[in-house]
Each structure stands twice: as C-alpha cells, then as structure tokens.
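Everything on this sheet refers to the single structure shown next.
Rule-based calculations on the coordinates, nothing more; no lab input. Worth saying up front: this structure is predicted, and the values here are computed from it rather than measured. Every residue, glycine as well, gets a Cβ built from its backbone with ideal geometry; the counts of neighbours run over all protein chains shown.
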C-alpha cells in the first residue's frame, strides 16, 4: 500500500507521541484510559505469503489490542482491507491453549479525514461459516468533519489538529478571496495555537507542542499549496510568528483613514464630526469605511475621505 502525506503525519504522531492516541481510543470505544496508561507499540508490518501488510497504528493498552487506520478518502473496499489487517494482527498475537488456538481480533476503527453522506458509521463484513452460521465483523468509523476545534479540545483529541484544515478544503479559494472568512480562519488557528500550548504545557509535553505545530503546518502547506495567502497565514501563526492579524490590519487602515480625514477637516476649519456635512458626521463615515474594508475595497478608503461626490454615492449604495 502506497504511503501518503496523511499516513506519514498520522504514523509520526503514533510513533513520537503515542499518548495522543489514548483519547481517540477512549472516544471510539467508550473506554476511560488515563493519559499516562502504559502503551506498547506493536509493529505495523505483517508478513503474509502473498506480500507484506502495513497498518497505520497498532497499540496494546490494558492487555487489549487496538488498531487504527487513517483514511484520507471514503474507500468502499475499506471493510475488506480492515478485516485483512485485523486477521494479520490477530495471527501474530495468537495464543495456544493445548491443541486449541485462541485468536482475538483487535478493537479497530477507521479515521476518515474526508467523508460524505454515504460514509458509514460502521464498516461491516458478514462471515459465513461452514455450518451456515454467520458472524458479523463490525468496525466503527470516526469522521473528522464532525469535530469542531472546541470539541477537539474538549475531548482532548489533539491527534486531529494536524488535519483540521481539511474541514475547509473545499472553501480554501473562497477563504483566500474573502477578507472576512480569511480573518475567521486565522482567528481559529490563533486560538488553536494558544490552546495547544496551554494543554501541552500543563501536561509537561512542551516538545510535543513544537512537533504538533510542524505537523499542522505540513498538512496545511499541502492542502493550501495553491492558495499562498492562506498557506502563509496559517503557517506564520502556527510557526509562532507575531503577525499583524487581518483584523488588526483592517483596524489600522480604518484608524489611519479617520485620522487623516479629521486632520484635513481641521485644516479647512471644519468641526470634528461634521467632516461630511452630514448629521451623522464621523460615525457615518466610520460605518462606510468599515463596509468598504469588509468587502475588500481597501483602495477606495482614501478616496472616500476626500471625494464628497464619491462618498455620497457610496452612502446610497450601502444604505448608510
């Protein structure tokens, strides 16, 4: 099976930060393992006669085997692949009791980074035995799109954070072109950065903070590779660069425009707040400048403070 950037990032977290998998296991299997529970990482390569089977994550916790696959697309063959993986894991961990073997399948789940309306909550395979009795092989799924950033931190599912940008994958171009949406995304990632730093500092895992940041940026760079503005914005925030956020930039433009308009009015001997010769004065101009900035019409901000005819036309356009 060929590896992808998503597989690489997921396996990196499991290998370097295995305890991040514990809350995910608790979420899926309704267990309550503490963060410091003892974890044994089992090998992911399972040799079979017809070739090697490579799984994403296989852990032993509390005497139980857990198998998690990270899937970037909704593959309709995933149920068959999962039962193949699980049998390979079970055979390698089989126990012999006299002449009888006991083979326990791992508790398995699939993490879908992308999903749709047809993505099932469970993957199922009916196994028909020689006597016609039927066993149901059933694997739960977990879908990234159902987890907001608040829910991720509430449930301590930090393992999902590198893939969080994929929730907005279809809207990346629109976000890049829309200042309001772009600002909202930057605000979310600034909050993610702060919360992540707080969570891992409290847990004494400061190194994980840097490692997770790098993985968040790696996936963001990949998803946003054709949208430089979004890629750079998320990368700078998660990389720790002190940015002038979009909201701060817009506020600065607004403040500078109002200061210049007021100064020009004073030079003409006009009273503050009467610069437009309108009853609403400065408040009306402020509202107009805000609307222009929010609509990405920054180039017109300066003109609106000096051209009365143009200003009046925009008042009518925006109904101010």
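In this calculation the C-beta distance from residue 100 to residue 37 is compared with R0 = 41 Å, giving a FRET efficiency of 0.85. Counting every other Cβ atom within 10 Å of each residue's Cβ, 28, 304 order from fewest to most as 28, 304. Between residue 253 and residue 90, the modelled labels are 6.1 nm apart [label points 7 Å from Cα along Cα→Cβ]. Here the range 80-129 and the range 135-178 have alpha carbon centers that stand 24 Å from each other.
Taking other Cβ atoms within 10 Å as a rough exposure proxy, 166, 103, 13 sort from fewest to most as 103, 166, 13. Each of 30, 150 has some number of other Cβ atoms within 10 Å of its Cβ, and from fewest to most they run 30, 150.
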